[in-house]
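Report on one structure; see the data block that follows.
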Amino acid sequence: MTTTSHRIAVIQWPVKDVERSLRWYQDVLGLSLTFPYTPGDPAAWLCLGESGFGLVQAKEVPRLAFTDIQGQLQSIVQFQVNDIHGIYQQLQAKQVKVSAMKFIEDGGHSFSFNDLDGNTVSLWGGWPQPAE
């Protein structure tokens, strides 16, 4: 029997301190809880569109990024957002160190930043509109 995947259901994201990371992801990206969280739980589950985003406590947090063949740091996941320019400004106002905004013709705008554990998170604004 062949298994056919339709989408990513859950991303499990290792963190050192679940409660601290939960507050950060809620404040910085505005993510909401999927399930109730009780302080001390080993994981917190956030809603990321149609996918779950689990902050899972780990003894050691691996670096969730890699360097591509051109020497550019790449994140393992990229989240699609609405109003990427507005979010870029909001993150800067919250003192989050963000990369330069990139624009790739026919690919759209994107930028990245690091979470509390040093993981690179990338945001993408979706496919460009004709005016871009």
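The values are calculated or read from the model by the stated rules, or taken from the named source; none is laboratory data. Note that this is a predicted model, so its numbers are computed, not measured. No Cβ is skipped: glycine too gets one built from the backbone with ideal geometry, and neighbour counts run over all protein chains shown. Surface accessibility is based on the protein's heavy atoms, side chains included, excluding ligands, DNA and RNA. Shrake-Rupley method; radii C 1.70, N 1.55, O 1.52, S 1.80 Å.
The residues on offer are SER51, SER32, and the sole one that is under 16 Å from the mean Cα position of the chain (by Cα), surrounded by 11 or more Cβ atoms within 10 Å (Cβ to Cβ) and either farther than 23 Å from GLN129 by Cβ or in contact (Cβ under 8 Å) with a residue 60 or more places away in the chain (or both) is SER51. If I filter region 31-55 down to residues being part of a loop (DSSP other than H, G, I, E, B) and of a type in the set (A, V, I, L, M, F, W, C), which single residue comes out as modelled with the lowest pLDDT? Out of the qualifying residues, it is PHE35.
Can ASP83 be described as of a type outside the set (A, V, I, L, M), on the phi > 0 side of the Ramachandran plot and open to solvent by 70 Å² or more (accessible area, probe 1.4 Å)? Considered against the rule, which asks whether it is of a type outside the set (A, V, I, L, M), on the phi > 0 side of the Ramachandran plot and open to solvent by 70 Å² or more (accessible area, probe 1.4 Å), ASP83 comes out as yes. Of all residues in region 9-28, those that are open to solvent by less than 40 Å² (accessible area, probe 1.4 Å), in contact (Cβ under 8 Å) with a residue 40 or more places away in the chain, within 20 Å of VAL96 (Cα to Cα) and among the hydrophobic types (A, V, I, L, M, F, W, C) total 3. Looking at region 56-67, which of its residues are touching a residue at least 12 places away in the same chain (Cβ under 8 Å), part of a strand (DSSP E or B) and open to solvent by 30 Å² or more (accessible area, probe 1.4 Å)? Of everything in region 56-67, those that are touching a residue at least 12 places away in the same chain (Cβ under 8 Å), part of a strand (DSSP E or B) and open to solvent by 30 Å² or more (accessible area, probe 1.4 Å) turn out to be VAL56, GLN57.
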